[in-house]
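The values are calculated or read from the model by the stated rules, or taken from the named source; none is laboratory data. This structure is a prediction, so every number in the text was calculated from the model and none was measured. Note that each Cβ is placed from the backbone with ideal geometry, even for glycine, and that neighbours are counted across all protein chains shown. When the accessible area is computed, the model is the full protein with side chains, heavy atoms only, and any ligands, DNA or RNA have been set aside. Shrake-Rupley method; radii C 1.70, N 1.55, O 1.52, S 1.80 Å.
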Amino acid sequence: MPIPCDRLVAASHVLTQNAARLVVEDGAVAITGGRIAAVGPRLDIAAAYAPKEVHAMGEAILMPGLVNVHAHAAMTLFRGLADDLPVSQWLTQHIWPIEARLDPQAVRLGALMACAEMLSVGVTCFADLYFFAAQTAQAADDLGMRAVVGEGVLDFPTPSAKTPAQALDLSRDLFSRLRGHPRLTAMVAAHSPYAASDETLAACAALARKEGALFSLHAAEGVTENADSEVKTGKRVIPHLHDLGVLGPECLLAHCVHVDEADMDILAATQTKVAHCPRSNAKLASGAAPVPAMLAKGVAVGLGTDGAASNNAMNLFAEMDAACLLHKLTSGDPTAFPAQAALDAATVSGAACLGIPDIGVIEPGYLADLTVLSLTRPNMAPLHDPVSQIAYAASGAETVLTMVAGEVVWQNGRFPGLDYPALRREVRDMARSLAGRPGADRA
Ligand SMILES: [Zn+2]
């Protein structure tokens, strides 16, 4: 007697990302109760299971949903607003002034659009650090996405909090609001060691420890950060954070572009996680994070998009490609950071960075966070190696189906339960009004 299950998804290639990095040709996955019940050859799975619904995807790659470990979702409102500028001018004359005008509704709309974008390119989970974080959590929930969300704590006033104490109160509210949620988790999020005092960072770390939660912040992103830190504290950024008690297995540092051997040894010894954002680092000319060296030392590295103001896409296919190219180019070694390393960073390692052990792999017992890429587009033909195709040939536009916890959240351009044309209009009007432009009522 076949075992009843909720869904069966079949595809010409099932890329499991399991310990053996197995790819099953003509494979299928059985899903029940939001989790993977079985994976294997399609004929075996079809004989063993009686699904309520079948998704026969044909010539396609079924793979784990991608994990974006560093985002500011609502910044999609600022996509393309101020490109190709020096960082200080970009921040002080464009981003900070427009961020000061943000309100909860703006963050909600920007975050909804970011979630929509991510689901449409196979991203099923993201970590977000921004203002009015409860709105980002709500947006992710509305679209059925998985997310780890933190309220940005800074020492100067933000649109959502006048003081760091207020931002920490918002963080505590977020922990109570999201406790027990099946897909959403709260984290503590500070901007950076240069925008938060030692006392603030220590308070953040203490709250994260109390909640058993992730603590994420930007670190060693810009060229001058280490020199500035040495003037202020006598230490480089990473040793300073270490001495403050910030680093550890539950700490996720974004960027880590300017880290030396000793810094990387500290990251490895403390099991601190790193969010690598190659496109943001390249666009802002921050530099190339020494990721191959970090991986060699055993540091867990995930991939992040950063915000759409510094990227400008929430697309991990673009990040995988960029990461591979960046590390080959900067090392002069074409074997550096191969396609499999990029795919690992976007799946299993991303899951490890966020402390979610049961995503990023297609194996029985794991959550059914999955995505399917069609192989029928010209850029995907022929197929010699699915991993190579994903890292170097796919754009993300091949995504035809995305599921979170076994629920369809995006399929062939449609989001169940979302009036996407209406969202697009609202986002357009909000972005125009934030940018202070007239004509919000015109198409
Ligand atoms: Zn960032």
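Side notes on the structure shown:
- Of note, residue 121 does not satisfy the criterion of being within 16 Å of the ligand (Cβ to nearest atom) and within 17 Å of the chain's Cα centre (by Cα).
- Per the conditions (1) more than 29 Å from residue 8 (Cβ to Cβ); (2) open to solvent by 60 Å² or more (accessible area, probe 1.4 Å), the sole criterion not satisfied by residue 381 is (1).
- Counting only residues that are open to solvent by 10 Å² or more (accessible area, probe 1.4 Å), of a type in the set (S, T, N, Q) and farther than 27 Å from residue 394 by Cα, segment 102-156 holds 3 of them.
- Scope segment 209-219; condition touching a Ser or Thr at 6+ places or on another chain (Cβ under 9 Å) and within 16 Å of the ligand (Cβ to nearest atom); matching residues: 214, 217, 218, 219
- With respect to the conditions (1) more than 19 Å from the chain's Cα centre (by Cα); (2) hydroxyl-bearing (Ser, Thr, Tyr); (3) within 20 Å of residue 88 (Cα to Cα), residue 233 falls short on a single one, namely (3).
- Residue count for segment 17-60, restricted to those that are of a type in the set (D, E, K, R) and either within 29 Å of the chain's Cα centre (by Cα) or under 20 Å from residue 360 (Cβ atoms) (or both): 4
- Checking each residue in segment 220-234 for being more than 16 Å from the ligand (Cβ to nearest atom) and on the phi > 0 side of the Ramachandran plot picks out only 234.
- As for segment 373-388, it holds at least one residue that is in contact (Cβ under 8 Å) with a residue 60 or more places away in the chain and under 21 Å from the mean Cα position of the chain (by Cα).
- Failed criterion for residue 352 (all others in (1) open to solvent by 30 Å² or more (accessible area, probe 1.4 Å); (2) within 15 Å of residue 69 (Cα to Cα); (3) within 16 Å of the ligand (Cβ to nearest atom); (4) among the aliphatic types (A, V, I, L, M) hold): (3)
- If the condition is being under 24 Å from the mean Cα position of the chain (by Cα) and open to solvent by 10 Å² or more (accessible area, probe 1.4 Å), then segment 187-206 contributes 191, 193, 194.
- Which listed residue is of a type in the set (A, V, I, L, M), closer than 22 Å to residue 373 by Cβ and open to solvent by 10 Å² or more (accessible area, probe 1.4 Å), from 50, 56, 71, 60: 56
- Conditions (1) of a type outside the set (Val, Ile, Thr); (2) open to solvent by less than 20 Å² (accessible area, probe 1.4 Å); (3) within 14 Å of residue 219 (Cα to Cα): number failed by residue 287: (2)
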